[in-house]
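These notes are about the structure you will find just below.
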């Protein structure tokens with residue numbers, strides 16, 4: 001069913017959906033007004049009291065009846081956030097917050113990612129989520145809006161995962177899951193607290209044949225957290241995680257004609273060149289926390305890690321025939337480390353409460369980037385001659401200060417500032433292909449501020465403002481031309497800068513909670529595609545974009561074991577001023593930028609919509625739990641308006657509605673706990689496009705979603 005983006009129709013659908021369905025298991029974790037979050041201010045506080053849009057997704061929503069493989073399962077009910085599974089484990093999830101990050105062609109950009117305080121986002125602003133294991137996640141926090149700027153090189157928001165702590169005593173458990181497309185997941189977890197150390201250790205294996213041809217995937221995850229008291233008022237937390245995907249097939253995107261012929265087929269060149277990706281990553285972090293005095297707390301974090309990625313693309317051999325082509329195989333080796341330390345002072349001052357956080361942050365990334373032909377002689381899909389060999393280095397060094405003041409019982413004022421410095425340098429080992437040594441520095445001072453007014457015990461009003469800052473990633477900078485005729489990094493790109501405004505209402509009681517937020521974001525120098533061809537994108541800065549929207553969420557816990565959640569997002573994300581984009585080589589710089597465009601250039605008009613951003617999206621679901629049986633079931637529905645596939649809005653993926661159902665039982669004895677769940681996705685077996693590859697050069701934009709799928713899940717745990 002196509003959804004045309006008409007607000008009146010959506011409001012009617014929203015009200016109807018609530019009347020029929022209600023909400024989801026998320027309500028049990030979020031309906032309380034005193035839900036505690038830390039991402040907004042770095043100090044644990046009630047989300048109701050803060051002038052920010054922030055959601056906390058609890059353990060039940062992450063685990064019960066969920067595969068615990070993709071964040072798209074857990075975060076489906078968070079407004080303002082779009083998390084789309086591509087049905088392609090060679091590519092990361094398509095994640096955007098209020099439209100930021102939607103254009104990413106690789107990884108996650110424009111959004112800060114954290115696991116137990118350790119960044120999954122590198123200093124250039126690009127991140128991955130594959131190392132985050134949901135099997136031992138306690139909760140997830142999603143911060144949207146102006147205050148995300150206090151986390152650095154990001155404009156869109158923050159997604160933070162927190163590992164659970166061990167329960168007293170000891171417990172060991174196992175999970176087994178099986179479903180459509182030979183999807184399997186097996187996991188083991190051990191946890192406990194013996195008074196000397198609190199620990200959680202989790203390992204999981206996942207594999208699937210995939211919905212589409214040439215989409216087999218296999219992934220192994222490991223996550224461990226140790227919490228050790230080091231004194232009466234201090235503790236040390238050690239976190240280690242690893243991920244390995246030995247070989248994940250990449251089915252590539254489909255054209256509209258291919259979609260019509262067979263949505264399950266692999267894209268052009270996928271089988272011929274055996275497109276695939278492999279990666280392994282290991283990461284270790286330590287967080288030391290100490291209560292220095294009655295008013296001062298110290299937190300210091302140190303982390304280090306390594307990530308190796310090899311990706312075989314489907315670039316035709318003929319395209320690589322250009323003398324300066326960087327090839328069809330990308331090989332990245334990354335070593336990274338960083339520190340973050342901050343001091344929190346909280347005290348009473350002249351009859352008012354004042355809390356100040358001051359900190360320093362440093363992140364460092366050393367990257368070896370190589371490119372190879374994806375053929376040797378007549379053999380295709382194998383690594384051939386070396387075509388690119390460069391060493392890149394990126395670091396950021398930031399300082400931040402934020403303060404919270406409660407002048408009386410009705411007002412709360414929060415403000416902060418972050419000074420950002422990002423330095424990038426590159427050294428090419430093959431000068432004719434990689435270009436000369438080069439470097440660039442980006443800097444920005446970003447202030448934020450917000451105020452909460454307690455209108456009553458059940459209603460808070462708030463407003464906030466902040467400046468955002470987003471640098472080009474190494475992936476954005478990788479190419480100055482698609483055929484290699486201009487070697488070296490595209491260091492002429494500038495960072496995007498934004499102004500973010502938000503106002504909102506938070507209201508509720510112990511059983512019902514509702515949040516309404518309105519936002520407006522204006523951005524200059526946003527990154528957009530100049531040319532995309534042969535698997536490579538050359539970026540440019542465009543004059544301006546504007547995003548305006550509404551987010552509404554309603555949670556309820558009723559009597560009789562019923563709970564519900566509704567989440568609705570409206571966002572109009574458009575180009576502010578027209579600009580030109582190249583659609584066919586040669587893409588030479590325009591001799592007369594204000595004059596008539598050559599035939600191979602097209603205009604992106606003011607008012608055109610940003611690709612991959614739905615104007616309307618709606619989640620509604622209902623959960624019923626019956627404690628005597630240990631039974632719970634959730635029915636949920638998700639609707640999304642159409643999304644455009646490129647900057648010129650030349651085509652679009654139609655909107656859709658889908659419904660999912662999950663149900664299960666839990667049994668507990670003195671020492672054992674068992675659970676059995678079944679899950680059915682896309683109950684009506686609808687055919688729809690789940691995600692798009694933005695600005696794909698050969699119009700292979702579309703990534704179809706599967707029809708009806710079924711899964712069963714079993715868990716057993718033994719406690720001592």
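Descriptive notes on the structure:
- Residue 382 passes every criterion in (1) under 25 Å from residue 127 (Cα atoms); (2) not in a strand (DSSP E or B) apart from (1).
- Residue check, residue 420 closer than 30 Å to residue 147 by Cβ and either assigned to a strand (DSSP E or B) or touching a residue at least 40 places away in the same chain (Cβ under 8 Å) (or both): yes
- Only one entry of 316, 323 meets the criterion of being over 27 Å from residue 251 (Cα atoms) and at pLDDT below 95, and that entry is 323.
- Only residues that are surrounded by 15 or more Cβ atoms within 10 Å (Cβ to Cβ), part of a loop (DSSP other than H, G, I, E, B) and modelled with pLDDT under 90 were counted in region 425-463, giving 2.
Residue by residue, here is whether (1) surrounded by fewer than 19 Cβ atoms within 10 Å (Cβ to Cβ); (2) touching a residue at least 40 places away in the same chain (Cβ under 8 Å); (3) within 23 Å of the chain's Cα centre (by Cα) holds:
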residue: 277; (1), (2), (3): no, yes, yes
residue: 286; (1), (2), (3): yes, yes, no
residue: 291; (1), (2), (3): yes, yes, no
residue: 295; (1), (2), (3): yes, yes, no
residue: 318; (1), (2), (3): yes, no, no
residue: 358; (1), (2), (3): yes, yes, no
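Condition check ((1) under 24 Å from residue 423 (Cα atoms); (2) at pLDDT below 95; (3) under 25 Å from the mean Cα position of the chain (by Cα)) across all residues:
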| residue | (1), (2), (3) |
| --- | --- |
| 465 | no, no, yes |
| 471 | yes, yes, yes |
| 480 | yes, yes, no |
| 489 | yes, yes, no |
| 494 | yes, yes, yes |
| 500 | no, no, yes |
| 503 | no, no, yes |
| 517 | no, no, yes |
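- Any hit, region 508-515, residues being in contact with a strand residue (DSSP E or B) (Cβ under 7 Å, 6 or more places away or on another chain), surrounded by fewer than 18 Cβ atoms within 10 Å (Cβ to Cβ) and at pLDDT 90 or above: yes
- Those residues of region 211-262 which are without any contact (Cβ under 8 Å) to a residue 60 or more places away in the chain and either assigned to a helix (DSSP H, G or I) or over 30 Å from residue 191 (Cα atoms) (or both), in sequence order: 213, 216, 247, 257, 260, 261, 262
- Out of 353, 342, 393, sole residue that is loosely packed, with under 15 Cβ neighbours inside 10 Å and in a strand (DSSP E or B): 353
- Only residues that are outside any loop (DSSP other than H, G, I, E, B) and buried (at least 19 other Cβ atoms within 10 Å of the Cβ) were counted across region 31-44, and they come to 1.
- Qualifying residue in region 597-606 (condition: at pLDDT 95 or above, part of a strand (DSSP E or B) and in contact with a strand residue (DSSP E or B) (Cβ under 7 Å, 6 or more places away or on another chain)): no
- Single residue of 624, 657 found to be modelled with pLDDT of 95 or more, under 30 Å from residue 253 (Cβ atoms) and surrounded by fewer than 21 Cβ atoms within 10 Å (Cβ to Cβ): 657
- If you go through region 642-681 and keep only what is touching a helix residue (DSSP H, G or I) at 6+ places or on another chain (Cβ under 8 Å) and part of a loop (DSSP other than H, G, I, E, B), you end up with just 651.
- None of 163, 208, 121, 175 is in contact with a strand residue (DSSP E or B) (Cβ under 6 Å, 6 or more places away or on another chain), closer than 30 Å to residue 466 by Cβ and modelled with pLDDT of 95 or more except 163.
The values are calculated or read from the model by the stated rules, or taken from the named source; none is laboratory data. Computed from a predicted structure; not experimentally measured. Please note: Cβ atoms are built from the backbone with ideal geometry, for glycine as well, and neighbour counts cover all protein chains shown.
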